[in-house]
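The values are calculated or read from the model by the stated rules, or taken from the named source; none is laboratory data. All values reported here derive from a predicted model rather than from experimental measurement. Quick reminder, even Gly has a Cβ in these numbers, built from the backbone with ideal geometry, and neighbours come from all protein chains shown. When the accessible area is computed, the model is the full protein with side chains, heavy atoms only, and any ligands, DNA or RNA have been set aside. Shrake-Rupley method; radii C 1.70, N 1.55, O 1.52, S 1.80 Å.
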Amino acid sequence: MRAIQAAAFGEPEVLKLLTVPDPVPGPGEVRVRLHAAGVNPADTYVRSGTYAFFKPPLPYTPGFDGAGTVEALGSGVTRLKVGERVYVAALLGKVCTGTYAEAVVCDADSVHPLAGALSFAQGAALGVPYATAYRALFQKAALKPAEAVLVHGASGGVGIAALQMARAHGARVIGTAGTEAGRRLVREQGAHHVLDHTAPDYLAAVAGLTEGRGVDVVIEMLANVNLEKDLGVLAKFGRVVVVGSRGAVEITPRLTMGRESSILGTALWNASAAEMADACAAIAAGAEAGVLNPVVGRELPLAEAPRAHVDVMKAGAHGKLVLVM
Ligand SMILES: NC(=O)c1ccc[n+]([C@@H]2O[C@H](COP(=O)([O-])OP(=O)(O)OC[C@H]3O[C@@H](n4cnc5c(N)ncnc54)[C@H](OP(=O)(O)O)[C@@H]3O)[C@@H](O)[C@H]2O)c1
């Protein structure tokens with residue numbers, strides 16, 4: 001099969017397209033013939049070799065997310081059938097040979113039926129983004145229906161997932177994006193209000209949009225830029241969940257006192273097997289009901305994985321970037 005492999009950590013150019021043998025599933029494992037792989041910012045951190053959560057032995061094939069059809073079952077796997085359409089969410093699996101490839105072997109627990117209405121590219125957009133959004137909204141912020149949520153950075157993979165989930169749960173949703181196309185997308189995906197996170201003083205509108213209360217929850221994609229501002233727009237007992245941050249920030253702790261607000265960090269890497277199973281069950285239910293519907297902004301051929309790693313870190317997100325086989 002064709003697969004992307006890196007023989008060293010470093011810049012995107014370490015990602016090479018090679019021909020390698022098909023991986024063989026062991027007991028409890030599954031081989032999925034992939035049609036698409038999701039490209040996550042975390043894949044670039046792993047590639048750099050400096051990621052705190054994961055440093056694979058070299059050479060390695062990147063990618064935790066993908067979608068395709070079940071091709072071979074290891075002994076003891078009874079839940080899946082050969083030929084079944086599935087998506088792969090293997091970030092927390094014991095075994096994953098990497099989804100930037102024409103086939104992947106991973107634990108059966110990382111393989112889930114793909115709702116009939118979703119394409120393979122959409123299936124590849126589910127794993128990390130939707131499980132992260134679920135964890136942030138429900139396992140960390142304990143979002144309740146009728147609460148107000150600011151998805152601060154709603155135009156990318158996690159943001160759109162958070163927006164769709166919060167909407168389906170009955171929350172009032174404010175989403176932000178940095179481009180006109182991104183804001184149009186956020187509006188189309190169901191945000192009640194859309195703000196431009198590049199405009200001066202854009203969060204001043206939040207008070208008017210929430211009858212002066214502020215938002216109960218902020219799902220934050222760039223905390224090093226926004227955390228201080230987030231604390232200022234929270235309602236009493238509000239929660240900020242830090243999903244993404246790329247540097248340091250100075251905050252005024254006093255802002256948390258009067259409102260008794262909380263800053264909660266999250267990393268999907270810390271989810272227990274039970275929490276991940278809950279997230280996957282909720283994602284499956286939402287996808288079947290049609291309320292969770294990943295937006296694939298761009299598809300690139302597998303060979304263009306180096307370019308995908310450059311582009312996934314650029315501003316101007318528009319849904320999910322996916323590699324197609
Ligand atoms: N904690 C976890 O477990 C976990 C899991 C997955 C991802 N993450 C992290 O979460 C972040 C988002 O991941 P993703 O997959 O959604 O990436 P993505 O698809 O590249 O989206 C990035 C998002 O950040 C937004 N953004 C850019 N500048 C912003 C600003 N000043 N204020 C608010 N938002 C801003 C972008 O908006 P525009 O492009 O429209 O400006 C876009 O919506 C990344 O840093 C990623 O590493 C963390």
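Considering the conditions (1) surrounded by fewer than 16 Cβ atoms within 10 Å (Cβ to Cβ); (2) in contact with a helix residue (DSSP H, G or I) (Cβ under 7 Å, 6 or more places away or on another chain); (3) of a type outside the set (Gly, Ala, Ser), ILE283 is excluded by exactly one of them, (1). Cβ-Cβ contacts under 6 Å between residues 6 or more apart (or on different chains), taken from a first residue in segment 265-293 that is touching a residue at least 12 places away in the same chain (Cβ under 8 Å) to a second residue that is surrounded by fewer than 17 Cβ atoms within 10 Å (Cβ to Cβ), are listed as TRP269/PHE53. Restricting the first member to segment 305-325 and to residues that are on the phi > 0 side of the Ramachandran plot and assigned to a helix (DSSP H, G or I), and the second to residues that are within 11 Å of the ligand (Cβ to nearest atom) and open to solvent by 60 Å² or more (accessible area, probe 1.4 Å), no beta-carbon pair is closer than 6 Å while six or more apart or on different chains. When you look at VAL243, is it among the β-branched types (Val, Ile, Thr) and assigned by TED's automatic domain parsing to the domain that holds VAL104, yes or no? Spelling it out, it is not the case that VAL243 is among the β-branched types (Val, Ile, Thr) and assigned by TED's automatic domain parsing to the domain that holds VAL104. For segment 21-57, the set of residues classified as out of contact with any Leu (no Cβ under 8 Å at 6 or more places or on another chain), open to solvent by less than 40 Å² (accessible area, probe 1.4 Å), in a loop (DSSP other than H, G, I, E, B) and in contact (Cβ under 8 Å) with a residue 24 or more places away in the chain consists of PRO23, GLY26, GLY28, ASN40, GLY49, listed by residue number. From the residues in segment 267-279 that are within 11 Å of the ligand (Cβ to nearest atom) and crowded, with 16+ Cβ neighbours inside 10 Å, which one is nearest to PRO62 (Cα to Cα)? So, considering only residues that are within 11 Å of the ligand (Cβ to nearest atom) and crowded, with 16+ Cβ neighbours inside 10 Å, the one nearest to PRO62 (Cα to Cα) is LEU268. Being part of a helix (DSSP H, G or I), of a type outside the set (A, V, I, L, M), away from the ligand (no atom under 16 Å from the Cβ) and open to solvent by 50 Å² or more (accessible area, probe 1.4 Å) is the filter here; which residues of segment 227-266 pass it? Across segment 227-266, the qualifying residues are ARG254, GLY258, ARG259. Scanning segment 169-183 for residues that are within 11 Å of the ligand (Cβ to nearest atom) and open to solvent by 10 Å² or more (accessible area, probe 1.4 Å) yields GLY178, THR179, GLU180, ALA181, ARG183. Examine segment 214-222 for a residue that is modelled with pLDDT of 95 or more, crowded, with 21+ Cβ neighbours inside 10 Å and part of a helix (DSSP H, G or I), and state whether such a residue exists. Checked segment 214-222: no residue is modelled with pLDDT of 95 or more, crowded, with 21+ Cβ neighbours inside 10 Å and part of a helix (DSSP H, G or I). Restricting segment 280-304 to residues that are more than 16 Å from the ligand (Cβ to nearest atom) and touching a Lys or Arg at 6+ places or on another chain (Cβ under 9 Å) leaves a set whose member that is farthest from GLN122 (Cα to Cα) is ALA303. Out of (1) farther than 30 Å from PRO12 by Cα; (2) in contact with a helix residue (DSSP H, G or I) (Cβ under 7 Å, 6 or more places away or on another chain); (3) not charged (D, E, K, R), what's the single condition that is false for GLY247? Here GLY247 clears every test but (1).
Taking the conditions (1) touching a helix residue (DSSP H, G or I) at 6+ places or on another chain (Cβ under 6 Å); (2) under 24 Å from GLY63 (Cα atoms) in turn, LEU302 satisfies each one other than (1).
Quick check on segment 184-195: of everything there that is open to solvent by 40 Å² or more (accessible area, probe 1.4 Å) and touching a helix residue (DSSP H, G or I) at 6+ places or on another chain (Cβ under 9 Å), which residue is farthest from the ligand (Cβ to nearest atom)? So the residue we want is HIS192. Yes or no: ALA204 more than 16 Å from TYR134 (Cα to Cα), surrounded by fewer than 17 Cβ atoms within 10 Å (Cβ to Cβ) and in contact with a His (Cβ under 7 Å, 6 or more places away or on another chain)? In short, no.
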